Structures are given as C-alpha cells and as structure tokens.
Amino acid sequence: MSIVYMDNNATTAVAPEVFEAMTPYLTEKYGNPSSMYTFGGQVGAALRQARSQVAELIGAHPDEVVFTSCGTEADNTAIRSALQVNPAKRHLVTTRVEHPAVLNLCTALEKQGYLVTYLSVDSRGMIDLDELRYALRDDTAIVSIMHANNETGTLFPIEEAGAIVKERGILFHVDAVQAVGKIPLDMQSSTIDMLALSGHKLHAPKGVGALFVRRGTPYRPFMVGGHQEKSRRGGTENVASIVALGAACALSGAHLVEEDTRVRALRDRLEHGLMRAAPDARLNGHPLHRLPNTTNISFEYVEGESILLLLNRFGICASSGSACTSGSLEPSHVLRAMGVPYTAAHGSVRFSLSRYNNQDEVDYIIDKLPPVIHRLREISPFGRQPRA
Ligand code: PLP
C-alpha cells in the first residue's frame, strides 16, 4: 500500500536534491570547517554558501544567520538571550497557542520567578493587537509570538504586532518554524529582531535549524563553548545538515509561488471536498489569514485519534488535535484557547500538504474519509446529535 503523506507540519520528506547536496559532507568531505588546511577549508566554504542560502530565503544578511540544532533551540536561544541581556526585566509576553518549544520554556521561566503574559486568541485563532499593546510593561524583556500556527495554520499579523513592540523598544522574537518556506518573508523590511526556523519543516533533515539575529541586537549565546558561529553558538557545526538546510532554503524559495498557487488549490480542494461530504464538519483556524498548505477540520461527535487510526488503514497520514496523555484524550491547547467546543475539539484532524502532493491523493482522501466519519459516528460514545 502506498502512503499518502499529509502531515508536513509535523515533518517533511528530505528533498532528493537536498539529500544529494548533503551526502558528500557525510562521506568524503568530512573535514572540520575550523581547520587551517584546504581539506577543511572547502567545508568552510560550503557553510558560507548555506548561510547565504538561508539568508536569501528570509531577506537577511548572511552574518545574521546562526545555525542551531533545531527550531526548539532557536526559540530557546532567542528568549533566554533577551532575558540575559536585560537582567532587570522579568516580564515576557507570548500567546496561549504557541508551540511547546516556547510555552514549556515560559512555564519553566515562571518557576524561576519570571512573569509571563499569555495573549488570548479569538475563535479563528487570531490575537488582538490592543491586548498586546496593553500587555507591554516597562519591565518587558521580550515579546515572542509565532508567525504561523502549527495546528491551524493561522497567520498572526506579525508586522503590525512588531510595530507596537518596537515602539516600546522591546525585543521581538518570532517563531517562524511553520512559516519559513511556505510564505515569503523579508527581514530587511521587517520589525523582527530574532526569528526561528527549522530544517525538517522545509524538506531538510531533522536536527538542524537557524536563528536570525538582526545586526546590532544585543545577544548572549545559549550554547557556550568554542568560537563557532562567531561565538554565538558553541559546538562543531553539523556540516551535512547545514548544507542540506541551505539547499532546502534555495529550493523552497524557488517553489514559493507554487506553494501559494498549486499547493493552496490542492488544500482548498481537499477542504471543500471534506466539508461537503461529511456533515457536522467545521473549519478550525482563520479562513483567510492562513498558511496555504494547512487545513484543520473538526468532525463533531467523533474522536480524532480514531479517525487517524482508520485513515492509517488506507495509508493516509495526518494529525489530530487531541493527544493521548496519561490515558485520557486531551484536546489540543490551541483549539481550547480558540474556544472550540469539546465535541468538536476532540474530532479535529489536520492535513498539511507539501509540493510533493497531487490531486489524486486529495481525491483519494475525499473518497475514504467520509465513510470513516459515518462509521465512527454510529459507534460514538457522544452519540450523534445532528444540527437542527
Ligand atoms: N515551533 C513550531 C511552530 C513548530 O511547529 C515546531 C515543530 O513542530 C517547533 C517550533 C520546534 O521545531 P523543532 O522540531 O525543529 O525543534
């Protein structure tokens, strides 16, 4: 049975061109980029090229790119750095719908005595800029908000938020792990001070990421060690993966238009097809301000994990908005923050597409999913309560 993979917000396939670009650095070109001889020097040149490729995709200068081990490290670095450069400032602002890379760090910081304001979102997953404005204080060290939500794809108004934050002279970090490679970004004209991205969301391997740090931004390293990354991140560089990240960024840049046209059209076809075929289905997330590849649909009165298990039998890979923790199914914190009713939050399924998907796959899901919902509703513990 072949696989229909629509879980690209979880992770992506490594692009064949990316694999080809990185393999020499796992085999014959294994020198340390910091060494003096030519054998290592050629590796240093590959790192420089990768840095330029990452910078180019986000409209930054190459020296503003710091390679990290993942998006989580980039987020942690940005937030911890802001707190270290401003030790007297003990307040942070973030949102209730961030990824655990930010939320769990905030929880840990609260235990150390920091104060965190969590901005709420409306039913479409959108923040309120007035709430942001009123949350800012004289002792706010950093505002950290995501660009695109990983579960719903909702896009925050980053530049409007940044203008409010910068007016108060506060550091502004953006978790753009889901946005980079899917929508155009330009740091040159942006208010963002620091921005996190991750390789495995854009067809590079897992275990590599980067932090954009605007020139002149006060900064302290998270990983302290050797002088790699101009002393901004200690540790011998993961050369092959960094080369892969560079190649993946170059490819993503070349496919941005396709992402906004062909991938968006496939996503819309899937969304409309499923909403039409399955009664009591509702869209989670902003209908317009949303990533072009993501749709999150709730099928009321059934459990998302049961849907996934049955879809798995057809080789369909997607995600659910509930996670099985300690034996009970907890609806996602994102859907709860949006006020999605319990019966709908439990039955949510996220499909996240990539440029490797095609219309046959979309139609296959439109064919297979509605009978699955029908079957589950017949045995649902909630009991089907059709709308009047
Ligand atoms: N931030 C967001 C919005 C994400 O979706 C993810 C991963 O799913 C991360 C951060 C963490 O990235 P990584 O898996 O590279 O640590």
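Take the alpha carbon gyration tensor of the range 193-244, find the square roots of its eigenvalues, order them as a ≥ b ≥ c, and report rounded if a/c is under 1.5; if not, report prolate when a/b exceeds b/c, else oblate.
Numbers: a/c = 2.60, a/b = 1.34, b/c = 1.95.
Here the range 193-244 falls in the oblate category.
Are there GluC sites (Glu not before Pro) in the range 28-104 that DSSP marks as loop and that have at most 15 other Cβ atoms within 10 Å, and which are they?
Those that pass, being in a loop and sparsely packed, are E28.
Given the C-alpha centroids of the range 90-132 and the range 4-54, what is the distance between them in whole angstrom?
34 Å
Taking Cα centroids, how far is the range 260-295 from the range 171-226 in Å?
First find each Cα centre; the distance between them is then 28 Å.
Over the C-alpha atoms of the range 1-61, what are the Rg and the largest Cα-to-Cα span, Dmax, in Å?
15.8, 51
Within the chain, what whole-number % of the accessible surface is contributed by carbon and sulfur, with the 1.4 Å probe and all protein chains included in the calculation?
The value for the chain is 54 percent carbon and sulfur by accessible area.
Which value in deg cm²/dmol, rounded to the nearest 500, describes the helix-derived mean residue ellipticity at 222 nm for the chain, given -39,500 (n - 2.57) per DSSP H run of n ≥ 4 and division by the residue count? Could you put the intermediate results ahead of the total?
Numbers: 13 runs with 149 residues, N = 388.
Dividing the helical sum by the residues of the chain leaves -12000 deg cm²/dmol.
According to a simple spin-label model (label point 7 Å from Cα along Cα-to-Cβ), what is the distance in nm between D260 and K111?
Distance between the two pseudo-spin positions: 4.4 nm.
What is the extension gain from H289 to R137, computed as 0.36 nm multiplied by their sequence separation minus the C-alpha to C-alpha distance, in nm to one decimal?
Difference between extended and current length: 51.9 nm.
Quick check: pseudo-label points 7 Å beyond the Cα along Cα→Cβ at S123 and T27, how many nm apart are they?
Label at S123, label at T27, 5.7 nm between them.
Mind jotting down the three principal axis lengths of the range 1-148 based on Cα atoms? Whole angstrom, largest first.
On the principal axes, the range 1-148 reaches 55, 49, 30 Å in Cα extent.
State, as an integer percentage, the relative contact order of the chain based on alpha-carbon contacts under 8 Å between residues 6 or more apart.
Relative contact order for the chain comes out at 22 percent.
So if I place +1 on the C-beta of Lys and Arg and -1 on the C-beta of Asp and Glu, and nothing else carries charge, what would the dipole magnitude of the chain be about its Cα centre? I want it in debye, nearest 20. Spell out each step's value before the answer.
On the way: 38 positive and 41 negative charges, 84 e Å.
Computed about the Cα centre, the dipole is about 400 debye.
When ligands, DNA and RNA are left out and all protein chains stay put, how many square angstrom of accessible area per residue does the chain have with a 1.4 Å probe?
42 Å²
Relative to 2.2 N^0.38 Å, what does the C-alpha radius of gyration of the range 164-290 come to as a ratio? Two decimals please.
Computed over Cα atoms of the range 164-290, the ratio equals 1.34.
Report the charge-dipole magnitude of the range 16-165 in Debye, nearest 20, computed about the Cα centre from +1 at each Lys and Arg Cβ and -1 at each Asp and Glu Cβ.
Values: 11 positive and 19 negative charges, 101 e Å.
The calculation lands at about 480 debye.
Starting from the 7 Å offset along Cα-to-Cβ, what nm value, one decimal, do you get for the label separation of R282 and S35?
So the two model labels end up 6.1 nm from each other.
Pairs of alpha-carbon atoms within less than 8 angstrom and 6+ residues apart define the contacts here; what relative contact order does the range 128-228 have, in percent?
21 percent
Just the Kirkwood number for the chain, please: inverse of mean 1/r across all distinct Cα pairs, in Å, one decimal.
For the chain, the Kirkwood estimate is 21.8 Å.
With the dipole of the chain worked out from charges on the C-beta (+1 for Lys and Arg, -1 for Asp and Glu) around the Cα centre, which of V85, I164, V263 lies farthest toward the positive end?
V85
Counting alpha carbon pairs within less than 8 Å and at least 6 residues apart, what relative contact order, in whole percent, applies to the range 49-105?
26 percent
Subtracting the Cα-Cα distance from 0.36 nm times the residue separation, let me have the gained length for E20 to S231 in nm, one decimal. Walk me through the intermediate numbers first.
Working: separation 211, 0.36 × 211 = 75.96 nm, distance 2.98 nm.
Here the segment from E20 to S231 would lengthen by 73.0 nm.
The values are calculated or read from the model by the stated rules, or taken from the named source; none is laboratory data. Remember, predicted model here, so these are calculated numbers, not experimental data. Neighbour counts run over all protein chains shown; Cβ positions are idealised from the backbone, glycine included. To get the accessible areas, we keep the full protein, side chains included, count just its heavy atoms, and leave off ligands, DNA and RNA. Shrake-Rupley method; radii C 1.70, N 1.55, O 1.52, S 1.80 Å.
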